[in-house]
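The structure under discussion appears below in the form of structure tokens.
The values are calculated or read from the model by the stated rules, or taken from the named source; none is laboratory data. Since we're looking at a predicted model, the values are computed, not measured. Virtual Cβ from ideal backbone geometry, glycine too; neighbours counted across all protein chains shown.
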Amino acid sequence: MSDLRKNYVVSHGFDESGRLYMQHWMWKMQLGWDLHPAIKLPESSDVRIADQGCGNAAWLVSLASDFEKEGRHASLVGLDVQNYHYPPTGNLPPNIKLAILDAFAEDLPEDQVGQYDVVHVRAFSSVIKDDNPEPIIKNAYKMLKPGGYIQWDDLDGDSFRAVAPGSHSESSIPTAATEEMVATSLQSQKVAMNLKYSWLGRLGQLYEQHGLEVVDYKKVIVKKELRSVMTVSLLMIHAHIARIAVRNGCMVGTDKNWEELWTKAGEEISQGVSLTMDMVVAVGRKPA
Ligand SMILES: C[S@@+](CC[C@H](N)C(=O)[O-])C[C@H]1O[C@@H](n2cnc3c(N)ncnc32)[C@H](O)[C@@H]1O
């Protein structure tokens, strides 16, 4: 049985993989790129890129297609602590290899040290405990070649909010029930899993403390057109987390029952209320 207190509780099933594909589409539609445009790759043919916590490798498959369109070659390596969502090797392009690695590992395997031009991390805000992403930054630093880049894309949990269609001032549709449902689920998850999100605001400073030059750090408000996909993705994850929290008796911050909160929020959402979170993009560079 899953336990909210364990490392990472999100489903191992097709539903979570489907959500990750959907979320990848949302990222690409918002940013317009997989690899940050400020990242300058060497002209040599042995460009190597790693994706930490790669999930179902959606980002790598998309990146492989970007490279193919540009007629460039790169070796792409997907790493994750578990392989539940990995596509079969036979269905991957030959330049993508997937392996198992704990992104927090204290002793990185030698074959991962100094190997990569880019280390990518995305959607780790439910993976980082105690407000401390430093083990991931340290490992990325070790994994990079001199002059290599870390690209971290994430969703800022503290910016989670309910929004009426258009801008608030134009709309009379209430959002209070959706705010309450979101706050309850989020708070239960934060308390049970010891999650905090303030590190997302400090990612640039943390890069500098670990010897990386900050190439870009920005918060991005997700476009209105992508609020529907964001809402579906967030409802999927919060329904899953709340089910576990209710079952384990660790729902906090409310004396109402989850079904009641969910139903009331659903009434607002059916009138057009969305859930949204801001994106954070942080690119750092190891000295050459
Ligand atoms: C929300 S998913 C994001 C997947 C992928 N980065 C994406 O954006 O589509 C988080 C991923 O982190 C992985 N993960 C959790 N703990 C990890 C760890 N300690 N080391 C490496 N990966 C981990 C999970 O297995 C899951 O695939």
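Let me confirm something: among 185, 169, which residue is modelled with pLDDT under 95 and farther than 26 Å from residue 243 by Cα? Working first, answer last.
On the way: 185 fails: farther than 26 Å from residue 243 by Cα.
Being modelled with pLDDT under 95 and farther than 26 Å from residue 243 by Cα holds for just one of 185, 169, which is 169.
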Note to self: I'd like the residue in segment 58-76 that is of a type in the set (A, V, I, L, M) and buried (at least 24 other Cβ atoms within 10 Å of the Cβ) and, out of all such residues, is nearest to residue 25 (Cα to Cα).
What the structure shows: 58
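If a residue has to be surrounded by 18 or more Cβ atoms within 10 Å (Cβ to Cβ) and either free of Cβ contacts under 8 Å to residues at least 40 places away in the same chain or more than 16 Å from the ligand (Cβ to nearest atom) (or both) to count, how many in segment 81-94 make the cut?
Total meeting the criteria: 2.
Determine, yes or no, whether residue 130 is surrounded by fewer than 15 Cβ atoms within 10 Å (Cβ to Cβ) and free of Cβ contacts under 8 Å to residues at least 12 places away in the same chain.
Numbers: surrounded by fewer than 15 Cβ atoms within 10 Å (Cβ to Cβ): yes; free of Cβ contacts under 8 Å to residues at least 12 places away in the same chain: no.
Considered against the rule, which asks whether it is surrounded by fewer than 15 Cβ atoms within 10 Å (Cβ to Cβ) and free of Cβ contacts under 8 Å to residues at least 12 places away in the same chain, residue 130 comes out as no.
Just one of 38, 99, 64 is over 17 Å from the mean Cα position of the chain (by Cα), over 17 Å from residue 140 (Cα atoms) and not in a loop (DSSP other than H, G, I, E, B); which is it?
Every option except 64 fails the conditions.
One line per residue, one yes/no per condition, for (1) touching a Gly at 6+ places or on another chain (Cβ under 6 Å); (2) farther than 22 Å from residue 16 by Cα; (3) not in a helix (DSSP H, G or I):
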site	(1), (2), (3)
141	no, yes, no
154	no, no, yes
157	no, no, yes
160	no, no, yes
186	no, no, no
189	no, no, no
199	no, yes, no
202	no, yes, no
217	yes, yes, yes
Item checked: Residues located in segment 113-125, provided they are in contact (Cβ under 8 Å) with a residue 40 or more places away in the chain and away from the ligand (no atom under 11 Å from the Cβ) -> 115, 116, 117, 118, 119
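Which count do you get for residues in segment 238-288 that are of a type outside the set (Lys, Arg), in contact with a strand residue (DSSP E or B) (Cβ under 9 Å, 6 or more places away or on another chain) and at pLDDT 85 or above?
Step one: of segment 238-288, the residues of a type outside the set (Lys, Arg) are 238-242, 244-246, 248-255, 257-263, 265-284, 287-288.
Subset that is in contact with a strand residue (DSSP E or B) (Cβ under 9 Å, 6 or more places away or on another chain): 238, 265, 268-269, 273-284, 287-288.
After this cut, where a residue has to be at pLDDT 85 or above as well, the list is 265, 268-269, 273-284, 287-288.
Counting residues in segment 238-288 that are of a type outside the set (Lys, Arg), in contact with a strand residue (DSSP E or B) (Cβ under 9 Å, 6 or more places away or on another chain) and at pLDDT 85 or above gives 17.
For residues that are under 23 Å from the mean Cα position of the chain (by Cα) and surrounded by 10 or more Cβ atoms within 10 Å (Cβ to Cβ), tally how many sit in segment 102-114. Steps first, answer last, please.
Initial filter on segment 102-114 (under 23 Å from the mean Cα position of the chain (by Cα)): 102-106, 108, 112.
Imposing the further condition that a residue be surrounded by 10 or more Cβ atoms within 10 Å (Cβ to Cβ) reduces the set to 102-105, 108, 112.
The qualifying residues number 6.
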Check: Of 15, 51, which residue is out of contact with any Asp or Glu (no Cβ under 9 Å at 6 or more places or on another chain) and within 15 Å of the ligand (Cβ to nearest atom)?
Finding: 15
Margin query: On the basis of being closer than 26 Å to residue 226 by Cβ, away from the ligand (no atom under 14 Å from the Cβ) and of a type in the set (Ser, Thr, Tyr), does residue 159 make the cut?
Written below: yes
Next item on the list: Return the pairs, sorted by first residue and then second, in which the second residue is crowded, with 18+ Cβ neighbours inside 10 Å and of a type in the set (Asp, Glu), the first residue lies in segment 18-30 and is closer than 14 Å to residue 154 by Cα, the beta carbons are less than 7 Å apart, and the residues are 6+ apart or on different chains.
Entry: 27/153; 28/34
Check: Which one of these does residue 46 not meet: (1) within 13 Å of the ligand (Cβ to nearest atom); (2) more than 18 Å from residue 124 (Cα to Cα); (3) assigned to a loop (DSSP other than H, G, I, E, B)?
Finding: (1)
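Just the residues that are within 14 Å of the ligand (Cβ to nearest atom), modelled with pLDDT of 95 or more and not polar (S, T, N, Q), please, taken from segment 126-149. First the steps, then the outcome.
We begin by selecting, within segment 126-149, every residue within 14 Å of the ligand (Cβ to nearest atom); these are 126-130, 132-140, 143.
Applying the additional criterion that residues be modelled with pLDDT of 95 or more yields 132-140, 143.
Within segment 126-149, 133, 134, 135, 136, 137, 138, 140, 143 meet the criteria.
If you check 103, 57, 99, 74, which single one turns out to be without any contact (Cβ under 8 Å) to a residue 60 or more places away in the chain, within 13 Å of the ligand (Cβ to nearest atom) and within 20 Å of residue 283 (Cβ to Cβ)? Let's see the steps before the verdict.
Details: 57 fails: within 20 Å of residue 283 (Cβ to Cβ); 99 fails: within 20 Å of residue 283 (Cβ to Cβ); 74 fails: within 13 Å of the ligand (Cβ to nearest atom).
The unique qualifying residue is 103.
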